[in-house]
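What follows is one structure encoded as structure tokens, with my remarks underneath.
The values are calculated or read from the model by the stated rules, or taken from the named source; none is laboratory data. None of these values were measured; they are calculated from a predicted model. Note: ideal-geometry Cβ built from the backbone for every residue, glycine included; neighbour counts use all protein chains shown.
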Ligand SMILES: [Zn+2]
């Protein structure tokens, strides 16, 4: 059996120190005896790895990140990742892609990879898992960390100071509530209604993040020439939601809101932090024009042009304002059009983000 726990000692420490139920229980000697017997039985029966045992464990390797962290924090993150099967099921290399902190706590954005790239580094577009961890510095200086979607993360989230995350942000990040189902979300195109962006020549292409499901992506470009009807350089939220992952490089940034990733934003944007919520069509910020390349993404585009690499879970057909983008495995990706009624928009054509057409939504708006 593959055991993903890095250290049995750490696991016991975490249970006893941080679970209110167990912390109370150990004051009762009979319960304590029972706990010791359970641990002893578990160790003898082989599913509880003891320190120093030769049992296989997940090997987690950290790649250079967009920010550097000290060895103690890295060790705590490695231990937390080893306790997060959803993170390590598809990745054994990880990199820190953004940090934010307050009052001795940190929110650490992490990207996971099967392997580093040829240069021993990474690119966000090759990630097959992204997510966050919470880290708290203990009085002695050591770090305690937990990765999203785990019980330990939920417990830390509740204790985290409001200066780190307000109540709404905490609610949006609770395990089980972190991601909303894409299929039931009424997405809008993420730019100014009434204007056009150019549907990139790569059409519906591989989106990365395979550890999160089957992601696909599209590119939408503009030169900002609003007099020609081209969209101004302002990315809008396609659906309401909170940022739950950030990658901030030296030349461009990426975020995940709900399950949707938006790549190639300008790094000077102060909206790009975990917990920041957006209403649908609320401005997120400008995209990075021209050529750039760093961990969080790259682009080769004409001066003054900008684009969003928009990645979403592939549920077979992605719906935006009544338009459908249907994945056809046998077709050339660059031939997949957006279709609404009898109208199609192919890669290499301009797509208009229209104003709300209530006929495409089976609900009544007041
Ligand atoms: Zn792309």
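A few remarks follow.
Here's the yes/no breakdown for (1) in contact (Cβ under 8 Å) with a residue 24 or more places away in the chain; (2) in a strand (DSSP E or B); (3) within 16 Å of the ligand (Cβ to nearest atom):
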residue	(1), (2), (3)
233	yes, no, no
239	yes, no, no
256	yes, yes, yes
263	yes, yes, yes
267	no, no, no
270	no, no, no
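- Single condition residue 116 does not satisfy, out of (1) assigned to a strand (DSSP E or B); (2) without any contact (Cβ under 8 Å) to a residue 60 or more places away in the chain; (3) under 20 Å from the mean Cα position of the chain (by Cα): (1)
- Filtering the stretch 192-231 to residues that are away from the ligand (no atom under 15 Å from the Cβ), farther than 25 Å from residue 97 by Cβ and part of a loop (DSSP other than H, G, I, E, B) leaves 192, 193, 194, 195, 223, 224, 225, 229, 231.
- Residue match in the stretch 136-145 (condition: in a loop (DSSP other than H, G, I, E, B) and either crowded, with 21+ Cβ neighbours inside 10 Å or under 17 Å from the mean Cα position of the chain (by Cα) (or both)): no
Residue-by-condition table, conditions (1) over 15 Å from residue 190 (Cβ atoms); (2) more than 16 Å from the ligand (Cβ to nearest atom):
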{"site": "273", "(1), (2)": "yes, yes"}
{"site": "277", "(1), (2)": "yes, yes"}
{"site": "282", "(1), (2)": "no, yes"}
{"site": "287", "(1), (2)": "no, no"}
{"site": "323", "(1), (2)": "no, yes"}
{"site": "326", "(1), (2)": "yes, yes"}
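- Considering the conditions (1) under 25 Å from residue 338 (Cα atoms); (2) assigned by TED's automatic domain parsing to the domain that holds residue 273, residue 211 is excluded by exactly one of them, (1).
- Restricting attention to the stretch 282-312, the residues that are more than 17 Å from residue 224 (Cβ to Cβ), in a loop (DSSP other than H, G, I, E, B) and modelled with pLDDT under 95 total 1.
- Residue in the stretch 313-320 that is surrounded by fewer than 18 Cβ atoms within 10 Å (Cβ to Cβ), outside any strand (DSSP E or B) and under 20 Å from the mean Cα position of the chain (by Cα) present: yes
- Restricting attention to the stretch 241-254, the residues that are without any contact (Cβ under 8 Å) to a residue 60 or more places away in the chain and either in a loop (DSSP other than H, G, I, E, B) or not assigned by TED's automatic domain parsing to the domain that holds residue 321 (or both) add up to 2.
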